[in-house]
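Data block below; observations after.
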(Lines give C-alpha, C1' and ligand atoms only; values in the text may rest on other atoms or scores of the structure.)
Protein backbone atom coordinates (compact mmCIF):
# COMPACT_ATOMS: atom_id res chain seq x y z
CA UNK A 1 0.00 0.00 0.00
CA UNK A 2 2.83 2.38 0.90
CA UNK A 3 4.65 1.70 -2.38
CA UNK A 4 1.47 2.29 -4.41
CA UNK A 5 0.83 5.53 -2.53
CA UNK A 6 4.41 6.65 -3.17
CA UNK A 7 4.11 5.95 -6.90
CA UNK A 8 0.77 7.81 -7.21
CA UNK A 9 2.00 10.82 -5.24
CA UNK A 10 5.31 10.86 -7.12
CA UNK A 11 3.50 11.08 -10.45
CA UNK A 12 1.33 13.95 -9.16
CA UNK A 13 4.30 15.88 -7.82
CA UNK A 14 6.34 15.30 -11.00
CA UNK A 15 3.53 16.72 -13.13
CA UNK A 16 3.41 19.83 -10.96
CA UNK A 17 7.20 20.15 -10.94
CA UNK A 18 7.49 19.95 -14.73
CA UNK A 19 5.30 23.02 -15.07
CA UNK A 20 7.40 24.99 -12.64
CA UNK A 21 10.95 24.11 -13.70
CA UNK A 22 11.51 27.60 -15.13
CA UNK A 23 10.63 29.22 -11.81
CA UNK A 24 13.15 29.82 -9.08
CA UNK A 25 12.91 27.15 -6.41
CA UNK A 26 12.37 28.34 -2.85
CA UNK A 27 12.62 26.45 0.42
CA UNK A 28 11.41 26.96 3.94
CA UNK A 29 14.87 25.80 4.91
CA UNK A 30 16.24 29.05 3.44
CA UNK A 31 14.65 31.04 6.23
CA UNK A 32 14.04 28.39 8.89
CA UNK A 33 17.14 26.23 8.89
CA UNK A 34 17.45 23.12 11.03
CA UNK A 35 20.25 23.77 13.52
CA UNK A 36 23.23 21.47 13.38
CA UNK A 37 23.48 19.13 16.36
CA UNK A 38 27.05 19.81 17.49
CA UNK A 39 26.51 19.60 21.25
CA UNK A 40 24.48 16.40 21.51
CA UNK A 41 21.58 18.36 23.00
CA UNK A 42 19.08 16.44 20.89
CA UNK A 43 20.21 12.99 21.99
CA UNK A 44 17.64 11.03 23.99
CA UNK A 45 20.41 8.71 25.21
CA UNK A 46 24.02 9.91 24.91
CA UNK A 47 25.15 6.29 25.03
CA UNK A 48 23.06 5.48 21.95
CA UNK A 49 25.70 5.24 19.25
CA UNK A 50 23.05 5.33 16.52
CA UNK A 51 22.35 9.00 17.38
CA UNK A 52 18.67 8.23 17.83
CA UNK A 53 17.63 11.54 19.43
CA UNK A 54 14.47 12.58 21.24
CA UNK A 55 12.33 13.10 18.14
CA UNK A 56 11.46 9.39 18.27
CA UNK A 57 11.60 9.01 22.03
CA UNK A 58 8.99 8.93 24.78
CA UNK A 59 11.23 10.42 27.43
CA UNK A 60 13.63 12.99 26.01
CA UNK A 61 15.96 15.07 28.18
CA UNK A 62 15.46 17.57 30.97
CA UNK A 63 17.21 20.36 29.06
CA UNK A 64 15.10 19.97 25.90
CA UNK A 65 13.63 23.32 24.87
CA UNK A 66 9.98 23.86 23.98
CA UNK A 67 10.90 24.18 20.30
CA UNK A 68 12.15 20.57 20.35
CA UNK A 69 8.54 19.44 20.82
CA UNK A 70 6.56 22.16 19.00
CA UNK A 71 4.17 21.27 16.19
CA UNK A 72 3.80 24.15 13.74
CA UNK A 73 1.07 23.41 11.15
CA UNK A 74 2.20 23.84 7.56
CA UNK A 75 5.87 24.22 8.61
CA UNK A 76 7.51 21.82 11.03
CA UNK A 77 7.49 19.34 13.91
CA UNK A 78 10.32 19.92 16.34
CA UNK A 79 13.46 20.47 14.28
CA UNK A 80 12.13 18.70 11.20
CA UNK A 81 11.18 21.36 8.63
CA UNK A 82 9.06 20.91 5.53
CA UNK A 83 10.93 21.27 2.22
CA UNK A 84 14.27 20.86 3.99
CA UNK A 85 16.81 18.23 2.91
CA UNK A 86 16.07 14.87 4.57
CA UNK A 87 19.81 14.48 5.18
CA UNK A 88 19.40 16.97 8.03
CA UNK A 89 16.93 14.58 9.66
CA UNK A 90 19.28 11.63 9.22
CA UNK A 91 22.05 13.65 10.90
CA UNK A 92 19.73 14.12 13.89
CA UNK A 93 18.04 10.73 14.10
CA UNK A 94 20.59 8.43 12.51
CA UNK A 95 19.81 5.75 9.95
CA UNK A 96 16.03 5.13 9.66
CA UNK A 97 14.67 1.88 11.09
CA UNK A 98 12.71 1.31 7.90
CA UNK A 99 12.43 2.93 4.49
CA UNK A 100 10.59 2.52 1.22
CA UNK A 101 11.33 4.29 -2.06
CA UNK A 102 9.77 4.59 -5.51
CA UNK A 103 10.03 7.04 -8.43
CA UNK A 104 12.07 9.69 -6.65
CA UNK A 105 10.05 9.55 -3.43
CA UNK A 106 10.74 7.82 -0.13
CA UNK A 107 9.16 7.11 3.24
CA UNK A 108 11.55 6.87 6.20
CA UNK A 109 10.54 5.75 9.70
CA UNK A 110 12.33 5.91 13.07
CA UNK A 111 10.97 3.96 16.06
CA UNK A 112 11.50 4.83 19.72
CA UNK A 113 14.13 2.42 20.99
CA UNK A 114 14.19 0.89 17.49
CA UNK A 115 11.08 -1.04 18.54
CA UNK A 116 8.33 -1.14 15.86
CA UNK A 117 5.78 -1.23 18.68
CA UNK A 118 7.05 2.11 20.01
CA UNK A 119 6.25 5.66 18.98
CA UNK A 120 7.31 6.61 15.49
CA UNK A 121 8.66 9.60 13.62
CA UNK A 122 8.18 9.34 9.85
CA UNK A 123 8.94 11.60 6.92
CA UNK A 124 7.86 11.42 3.29
CA UNK A 125 10.33 12.99 0.86
CA UNK A 126 10.48 13.75 -2.85
CA UNK A 127 13.18 14.76 -5.35
CA UNK A 128 12.40 17.76 -7.57
CA UNK A 129 13.05 15.82 -10.76
CA UNK A 130 14.50 18.04 -13.49
CA UNK A 131 15.11 20.93 -11.10
CA UNK A 132 18.43 22.53 -10.18
CA UNK A 133 18.20 20.86 -6.77
CA UNK A 134 17.26 17.44 -8.15
CA UNK A 135 19.81 15.70 -5.90
CA UNK A 136 18.05 16.98 -2.75
CA UNK A 137 15.29 14.85 -1.24
CA UNK A 138 12.84 17.46 0.09
CA UNK A 139 10.61 16.73 3.08
CA UNK A 140 6.94 16.85 2.07
CA UNK A 141 5.21 15.36 5.11
CA UNK A 142 6.05 14.64 8.79
CA UNK A 143 4.29 12.18 11.13
CA UNK A 144 4.76 11.74 14.90
CA UNK A 145 2.95 9.53 17.41
CA UNK A 146 4.69 10.62 20.62
CA UNK A 147 2.41 12.60 22.98
CA UNK A 148 5.28 14.93 23.87
CA UNK A 149 4.80 16.93 20.68
CA UNK A 150 2.21 19.72 21.01
CA UNK A 151 0.89 22.62 18.99
CA UNK A 152 1.10 26.07 20.59
CA UNK A 153 -2.52 25.46 21.62
CA UNK A 154 -1.59 22.29 23.49
CA UNK A 155 -3.05 19.81 20.98
CA UNK A 156 -1.17 16.55 20.52
CA UNK A 157 -1.40 12.78 20.55
CA UNK A 158 -3.82 11.87 23.33
CA UNK A 159 -6.07 14.88 22.71
CA UNK A 160 -9.72 14.11 22.06
CA UNK A 161 -11.39 14.80 18.75
CA UNK A 162 -13.48 17.44 20.52
CA UNK A 163 -10.32 19.22 21.71
CA UNK A 164 -8.87 19.15 18.20
CA UNK A 165 -12.05 20.60 16.71
CA UNK A 166 -11.81 23.61 19.02
CA UNK A 167 -8.70 24.71 17.13
CA UNK A 168 -9.01 23.18 13.66
CA UNK A 169 -11.57 22.66 10.91
CA UNK A 170 -11.52 18.92 10.21
CA UNK A 171 -12.38 17.07 7.04
CA UNK A 172 -12.09 13.25 6.76
CA UNK A 173 -9.47 12.47 4.12
CA UNK A 174 -8.42 8.83 4.53
CA UNK A 175 -8.33 5.93 6.98
CA UNK A 176 -6.28 2.87 7.89
CA UNK A 177 -6.57 -0.19 10.13
CA UNK A 178 -4.62 -0.52 13.38
CA UNK A 179 -4.91 -3.66 15.50
CA UNK A 180 -8.13 -4.52 13.71
CA UNK A 181 -9.70 -1.12 14.39
CA UNK A 182 -10.30 1.77 12.02
CA UNK A 183 -8.30 4.98 12.42
CA UNK A 184 -9.81 7.97 10.64
CA UNK A 185 -7.57 10.74 9.36
CA UNK A 186 -8.96 14.28 9.54
CA UNK A 187 -7.28 17.21 7.80
CA UNK A 188 -7.29 20.97 8.16
CA UNK A 189 -6.02 21.61 4.64
CA UNK A 190 -5.78 25.39 4.96
CA UNK A 191 -3.50 25.14 8.01
CA UNK A 192 -1.48 22.16 6.80
CA UNK A 193 -2.10 19.61 9.56
CA UNK A 194 -3.84 16.23 9.89
CA UNK A 195 -4.97 14.24 12.92
CA UNK A 196 -5.34 10.46 13.15
CA UNK A 197 -8.31 9.64 15.39
CA UNK A 198 -9.06 6.14 16.67
CA UNK A 199 -12.46 4.58 17.34
CA UNK A 200 -12.47 5.91 20.89
CA UNK A 201 -12.15 9.48 19.61
CA UNK A 202 -8.54 9.91 20.70
CA UNK A 203 -5.71 11.32 18.58
CA UNK A 204 -3.05 8.66 17.91
CA UNK A 205 -0.92 10.52 15.37
CA UNK A 206 -0.30 14.02 13.99
CA UNK A 207 0.91 14.87 10.51
CA UNK A 208 2.21 18.20 9.21
CA UNK A 209 2.26 19.02 5.49
CA UNK A 210 2.18 22.16 3.39
CA UNK A 211 -1.03 24.18 3.57
CA UNK A 212 -3.45 23.41 0.74
CA UNK A 213 -1.20 20.62 -0.57
CA UNK A 214 -3.84 18.03 -1.44
CA UNK A 215 -1.36 15.52 -2.88
CA UNK A 216 0.65 15.32 0.34
CA UNK A 217 -2.35 15.56 2.64
CA UNK A 218 -3.99 12.47 1.14
CA UNK A 219 -0.87 10.28 1.22
CA UNK A 220 -1.20 7.25 3.52
CA UNK A 221 2.00 6.98 5.59
CA UNK A 222 1.14 3.59 7.13
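The values are calculated or read from the model by the stated rules, or taken from the named source; none is laboratory data. Everything numeric in this text was worked out from a predicted model, so none of it was measured. Every residue, glycine among them, receives a Cβ derived from its backbone with ideal geometry; neighbour counts consider all protein chains shown.
In segment 164-222, what count of residues is obtained for those that are assigned to a strand (DSSP E or B) and either touching a strand residue (DSSP E or B) at 6+ places or on another chain (Cβ under 9 Å) or over 19 Å from residue 119 (Cα atoms) (or both)? Lay out the reasoning, then the answer.
Just the residues of segment 164-222 that are assigned to a strand (DSSP E or B), to begin with: 171-178, 181-188, 193-197, 202-209.
Those left that are additionally either touching a strand residue (DSSP E or B) at 6+ places or on another chain (Cβ under 9 Å) or over 19 Å from residue 119 (Cα atoms) (or both): 171-178, 182-188, 193-197, 202-209.
So the answer is 28.
Per the listing 106, 99, the residue uniquely free of Cβ contacts under 8 Å to residues at least 12 places away in the same chain, part of a strand (DSSP E or B) and out of contact with any helix residue (DSSP H, G or I) (no Cβ under 6 Å at 6 or more places or on another chain) is 99.
Across segment 128-146, the number of residues qualifying as under 23 Å from residue 194 (Cβ atoms) and free of Cβ contacts under 8 Å to residues at least 60 places away in the same chain comes to 2. Of all residues in segment 119-134, none satisfies being modelled with pLDDT of 95 or more, part of a loop (DSSP other than H, G, I, E, B) and touching a strand residue (DSSP E or B) at 6+ places or on another chain (Cβ under 7 Å). Cβ separations smaller than 7 Å between residues 6+ apart or across chains give the following pairs from segment 158-180 residues that are in contact (Cβ under 8 Å) with a residue 24 or more places away in the chain and on the phi > 0 side of the Ramachandran plot to residues that are surrounded by 11 or more Cβ atoms within 10 Å (Cβ to Cβ) and assigned to a strand (DSSP E or B): 158/202; 158/203.
Identify all residues within segment 83-96 that are part of a helix (DSSP H, G or I) and within 18 Å of residue 135 (Cα to Cα); write none if there are none. Working first, answer last.
First pass over segment 83-96, keeping only residues part of a helix (DSSP H, G or I): 86-93.
Within segment 83-96, 86, 87, 88, 89, 90, 91 qualify.
Applying the set (1) in contact with a helix residue (DSSP H, G or I) (Cβ under 6 Å, 6 or more places away or on another chain); (2) on the phi < 0 side of the Ramachandran plot to residue 117 leaves exactly one unmet item: (1). Selection over segment 139-154 of residues that are crowded, with 21+ Cβ neighbours inside 10 Å and either in contact with a helix residue (DSSP H, G or I) (Cβ under 6 Å, 6 or more places away or on another chain) or more than 21 Å from residue 187 (Cα to Cα) (or both) gives a count of 4.
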